[in-house]
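The values are calculated or read from the model by the stated rules, or taken from the named source; none is laboratory data. None of these values were measured; they are calculated from a predicted model. Here Cβ is always computed from backbone atoms with ideal geometry, including for glycine, and neighbour counts include all displayed protein chains. Each accessible area value is taken on the protein alone, full model and side chains, heavy atoms only, with ligands, DNA and RNA left out. Shrake-Rupley method; radii C 1.70, N 1.55, O 1.52, S 1.80 Å.
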Amino acid sequence: MKVLATGQKLHREVISGKHMTPKRMVSEVHKMVADWDYDAISIGYPGPVLHDQPVLDPWNLGKGWVAFNYKKAFKCPVKIINDAAMQALGGYRSGKMLFLGLGTGLGTAFVFEGQTMPMELAHLPYKSSTFEDYVGLRGLQKYGKKKWRKYVTDVTTRLIAALEPDEVVLGGGNVRLLKKLPPLCRAGNNDNAFEGGFRLWNPSKEFRRALPSVQDTKEIISIHKKKVTSRS
């Protein structure tokens with residue numbers, strides 16, 4: 001679990017795990033940021049979120065996240081979104097952006113004109129299982145780096161063909177294992193989650209504009225669709 005405040009240059013962190021309940025999380029955060037000033041909090045949550053409240057307890061943490069009162073516990077305004085969506089928002093530039101987080105699982109989100117839409121694409125059917133089982137950590141361990149890289153390219157190709165984004169950001173801890181990024185893709189950074197958290201409280205902030213040309217994007221999407229059709 002990592003924390004950063006506006007005006008601070010270095011984040012602070014503590015190890016989480018099955019012992020981490022929301023009550024313990026609040027206690028750990030208060031300890032880490034005792035000497036920081038802040039007026040509001042953004043939380044990137046490892047699971048589905050609706051109206052700033054978790055919908056399900058995460059499989060890799062303790063229990064009690066769904067009914068917990070975060071605003072009361074922190075004694076300040078709190079906004080909560082899915083952690084992949086937060087990292088996507090932090091890495092957003094402009095247009096339509098698809099985010100794929102290559103980590104323990106497969107985090108997915110779509111950003112359009114600054115509005116973030118969390119997605120649950122990881123569990124869609126793919127080959128004999130799901131996307132996540134091939135491009136998440138399980139796939140990396142089961143098939144090895146060489147085959148895993150091919151699956152990442154294939155999954156990315158299929159999602160580009162289906163969703164037609166202007167660009168794709170590949171984030172998560174395992175993006176560093178890719179030797180070459182698929183067309184239309186750029187590498188993200190886990191620290192983008194901090195920027196995403198700040199942007200939740202400043203939605204009018206202008207985004208950088210550095211995208212492929214419309215013609216280049218159309219040509220790339222067309223090529224990807226042909227690849228998907230030929231593999232089906």
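Working only within region 150-160, note down all residues that are open to solvent by less than 60 Å² (accessible area, probe 1.4 Å), more than 17 Å from Gly95 (Cβ to Cβ) and of a type outside the set (Asp, Glu).
Within region 150-160, the first condition is being open to solvent by less than 60 Å² (accessible area, probe 1.4 Å), and the residues that meet it are 151-157, 159-160.
Subset that is more than 17 Å from Gly95 (Cβ to Cβ): 151-157.
The answer is Tyr151, Val152, Thr153, Val155, Thr156, Thr157.
Could we say that Phe68 is open to solvent by 40 Å² or more (accessible area, probe 1.4 Å), in contact (Cβ under 8 Å) with a residue 24 or more places away in the chain, touching a helix residue (DSSP H, G or I) at 6+ places or on another chain (Cβ under 7 Å) and more than 18 Å from Gly101 (Cβ to Cβ) here? Walk me through it before giving the result.
On the way: open to solvent by 40 Å² or more (accessible area, probe 1.4 Å): yes; in contact (Cβ under 8 Å) with a residue 24 or more places away in the chain: yes; touching a helix residue (DSSP H, G or I) at 6+ places or on another chain (Cβ under 7 Å): yes; more than 18 Å from Gly101 (Cβ to Cβ): yes.
Considered against the rule, which asks whether it is open to solvent by 40 Å² or more (accessible area, probe 1.4 Å), in contact (Cβ under 8 Å) with a residue 24 or more places away in the chain, touching a helix residue (DSSP H, G or I) at 6+ places or on another chain (Cβ under 7 Å) and more than 18 Å from Gly101 (Cβ to Cβ), Phe68 comes out as yes.
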Notebook entry, point to check: Of all residues in region 72-105, which are touching a residue at least 60 places away in the same chain (Cβ under 8 Å) and assigned to a strand (DSSP E or B)?
Noted result: Lys79, Ile81, Lys96, Met97, Leu98, Phe99, Leu100, Gly101, Leu102
Note to self: Just to be sure I understand, how many residues within region 29-71 are over 17 Å from Met119 (Cα atoms), assigned to a loop (DSSP other than H, G, I, E, B) and of a type in the set (Val, Ile, Thr)?
What the structure shows: 2
Check: Quick one: what pairs do we get from region 43-61, first residue in contact (Cβ under 8 Å) with a residue 40 or more places away in the chain and within 9 Å of Ile81 (Cα to Cα), second crowded, with 21+ Cβ neighbours inside 10 Å and polar (S, T, N, Q), C-beta under 8 Å, 6+ apart or different chains?
Finding: Gly44/Asn82; Gly44/Gln87; Pro48/Asn82; Val49/Asn82
Next item on the list: Take region 161-180 and flag every residue that is open to solvent by 60 Å² or more (accessible area, probe 1.4 Å) and either closer than 12 Å to Leu106 by Cβ or touching a strand residue (DSSP E or B) at 6+ places or on another chain (Cβ under 9 Å) (or both).
Entry: Glu164, Arg176
Next item on the list: Within region 71-93, track down each residue that is surrounded by fewer than 16 Cβ atoms within 10 Å (Cβ to Cβ) and touching a strand residue (DSSP E or B) at 6+ places or on another chain (Cβ under 9 Å).
Entry: Lys71, Cys76, Pro77, Arg93
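Out of curiosity, is Leu10 closer than 25 Å to Leu98 by Cα and in a loop (DSSP other than H, G, I, E, B)?
Working: closer than 25 Å to Leu98 by Cα: no; in a loop (DSSP other than H, G, I, E, B): yes.
In short, no.
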